[in-house]
Amino acid sequence: MASVNYQTRRDEIETYFDRTAADAWAALTSDAPVSRIRRTVRRGRDAMRETLMGWLPEDLTGSTLIDAGCGTGTLAIEAAQRGAEVVAVDLSPTLVNLARERLRDLNQTLDVTFLVGDMRDMDLGSFDYAVAMDSLIHYDVADGVQTLEAMAKQIHRKMVFTFAPKTPLLALMHATGKLFPRADRAPSIEPVSPARLSRHLNDAGLTQGWETGRSHRIDVGFYKSHAMELTRR
């Protein structure tokens, strides 16, 4: 059962991405002009997406993948272009509709299903791969790991995900909530140290049936995120 804290944060995130910042997020994930701060975020996100996709097979033909927190669908579409059958889920109906529009605009035959919902809702079937790029960073580490634990039950091969590394800058952002201009703020993130994350992963049993693989931090201007890889033993 989801904790009260998880439900509260989920509602805040849905409101932000579906209403407050839908237009800004649409611009960020395109080639439209954006502010200097958002340009660094765009570069960082591009680098992170390249990292996570680099940890998946180049040829995904015959594989299934869930993109948990898909946003406007860039990663989901890229995975489908590699041959995967993709289910992509996001809390925001606005962003999911934009993802569907972008998929139609490509005029390609790709196997992508975009759905509105909670990434913990894994009654969609089983998958070979799961990706959660910057979708867990807004939750307390315990809630984020519980989400990974729920997803893991339906994943056969590998999960790749990101968390917010505990750095002095991110700690300041978290403590004050005022580092960015108002137009450039997102919902509060929850920085966590690798050691604390590892403890939670161990407590959830995700260091037993799964092998911890590669780890990589992206630090580009105002974008700071850390990728991890868990492979089924």
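The values are calculated or read from the model by the stated rules, or taken from the named source; none is laboratory data. Keep in mind that this is a model prediction, so the values were computed, not measured. In this analysis, Cβ positions are derived from the backbone assuming ideal geometry, glycine residues included, and neighbour counts consider all displayed protein chains.
Hey, among Ile77, Ile37, which residue is modelled with pLDDT under 95 and among the hydrophobic types (A, V, I, L, M, F, W, C)? Every option except Ile37 fails the conditions.
A quick yes/no check of all residues on (1) of a type in the set (Lys, Arg); (2) under 17 Å from the mean Cα position of the chain (by Cα); (3) over 28 Å from Ser126 (Cα atoms); (4) not in a helix (DSSP H, G or I):
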| site | (1), (2), (3), (4) |
| --- | --- |
| Thr8 | no, no, no, no |
| Asp11 | no, yes, no, no |
| Asp23 | no, no, yes, no |
| Ala26 | no, yes, yes, no |
| Arg38 | yes, no, yes, no |
| Pro57 | no, no, no, yes |
| Glu78 | no, yes, no, no |
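The single residue among Asp11, Asp90 that is closer than 21 Å to Met151 by Cα and at pLDDT below 95 turns out to be Asp11.
Scanning region 103-157 for residues that are surrounded by fewer than 17 Cβ atoms within 10 Å (Cβ to Cβ) and charged (D, E, K, R) turns up Arg104, Asp105, Asp111, Asp121, Asp123, Asp140, Glu149, Lys153, Arg157. Gly83 meets all of the listed conditions (1) within 30 Å of Leu206 (Cα to Cα); (2) assigned to a loop (DSSP other than H, G, I, E, B); (3) more than 14 Å from the chain's Cα centre (by Cα); (4) at pLDDT below 95 but one, namely (4).
Scanning region 158-201 for residues that are hydrophobic (A, V, I, L, M, F, W, C), surrounded by 15 or more Cβ atoms within 10 Å (Cβ to Cβ) and at pLDDT 75 or above yields a count of 9. Scanning region 19-33 for residues that are over 20 Å from Ile77 (Cβ atoms) and out of contact with any Asp or Glu (no Cβ under 9 Å at 6 or more places or on another chain) gives Arg19, Thr20, Ala21, Asp23, Pro33. For Thr40, the conditions (1) surrounded by 14 or more Cβ atoms within 10 Å (Cβ to Cβ); (2) without any contact (Cβ under 8 Å) to a residue 40 or more places away in the chain are fulfilled apart from (2).
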